[in-house]
Amino acid sequence: VKPLILTVSSNFRNLELLNQFLNRGGYQAISVSGVDEFNSAMSQPTQISLGLIDITGFDKTIWEWCKQLQNQQIPFLIISPRQSAVIEQKSLASGASSILIKPLVIKQLFNLILSLLEDLE
């Protein structure tokens, strides 16, 4: 069974690209860009293995989504538009395993995903 990765972004094109990379990497992805989609994904019986959360374009409620992932013990990575101590602090306080700064380096992303999924086994 391919690990299921939850991808969150307010930008549909970024979601599309991220999912293409994940599919090519042997993962399946479920994409959300709004609160209703997020709640629906979180309530599905399918086990989400990992979250990739692009915080760009979201208000502070994105941190509540992160807390939900943390409460369900789903590891996740924050994707940030820039290096920021505030974002880093908020991400780690909300349970993020790591923070990636855009533009993403796909090899780095896959290495992190692999590492986090191995920790789950």
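The values are calculated or read from the model by the stated rules, or taken from the named source; none is laboratory data. Bear in mind that the values here come from a model prediction, so they are computed numbers and not experimental data. Neighbour counts are summed over all protein chains in view; Cβ atoms, including those assigned to glycine, are modelled from backbone coordinates with ideal geometry. To get the accessible areas, we keep the full protein, side chains included, count just its heavy atoms, and leave off ligands, DNA and RNA. Shrake-Rupley method; radii C 1.70, N 1.55, O 1.52, S 1.80 Å.
Rank ARG13, ARG24 by accessible area, highest first, at a 1.4 Å probe radius? Mind dumping the intermediate values first?
Details: ARG13 125, ARG24 170 Å².
Reading off the accessible areas and sorting them downward yields ARG24, ARG13.
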Inter-probe distance in nm under a simple model that places probes 7 Å from Cα toward Cβ, at ARG82 and THR46: 3.6 nm
Heads up, I need the accessible area for THR61: 1.4 angstrom probe, whole protein in place, Å², nearest 10. 50 Å²
Identify the trypsin sites (Lys or Arg not before Pro) of the range 35-118 meeting these criteria: DSSP loop state and at most 15 other C-beta atoms within 10 Å of the C-beta. LYS60, ARG82
Nothing charged except the Cβ atoms of Lys and Arg (+1) and of Asp and Glu (-1): what's the magnitude of the dipole of the chain about its Cα centre? Round to the nearest 20 debye. 300 debye
The answer for the range 53-96, accessible area per residue at 1.4 Å probe in Å², is 54 Å²
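Between PHE110 and THR61, what FRET efficiency follows from the Cβ-Cβ distance if R0 is 22 Å, with the result rounded to 0.05? It would help to have the intermediate numbers written out before the result.
Working: r = 29 Å, r/R0 = 1.31.
Result of the calculation: an efficiency of 0.15.
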Using alpha-carbon positions, what is the distance between the centroids of the range 1-58 and the range 59-97, in Å? 15 Å
With the charge dipole of the chain built from beta-carbon charges (+1 for Lys and Arg, -1 for Asp and Glu) about the Cα centre, the Cα from VAL1, ASN14, ILE78 projecting farthest to the positive end belongs to ASN14
With a 1.4 Å probe and every protein chain left in place, tell me how much accessible area SER115 has, in Å² to the nearest 10. 50 Å²
Dipole of the range 12-63, positive direction: furthest Cα of ASN39, GLY26, TRP63, with charges on the beta-carbon: GLY26
Both in Å, the radius of gyration and Dmax of the C-alpha trace of the range 42-85 are 11.3, 36
Square roots of five times the Cα gyration tensor eigenvalues for the range 9-87, Å: 19, 17, 12
Name the long-range amide H neighbours of SER80: under 5 Å, sequence gap of 5 or more, or other chain; modelled H, no Pro or chain starts. LEU100, ILE101, LYS102
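Ignoring ligands, DNA and RNA, please state the percent of accessible area on the chain from carbon and sulfur, probe 1.4 Å. It would help to have the intermediate numbers written out before the result.
Numbers: 3480 of 6740 Å².
Looking at the chain in its full context, I get 52 percent from C and S.
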Helix-only CD estimate at 222 nm, as mean residue ellipticity for the chain, using -39500 (n - 2.57) per DSSP H run (n ≥ 4): -14000 deg cm²/dmol
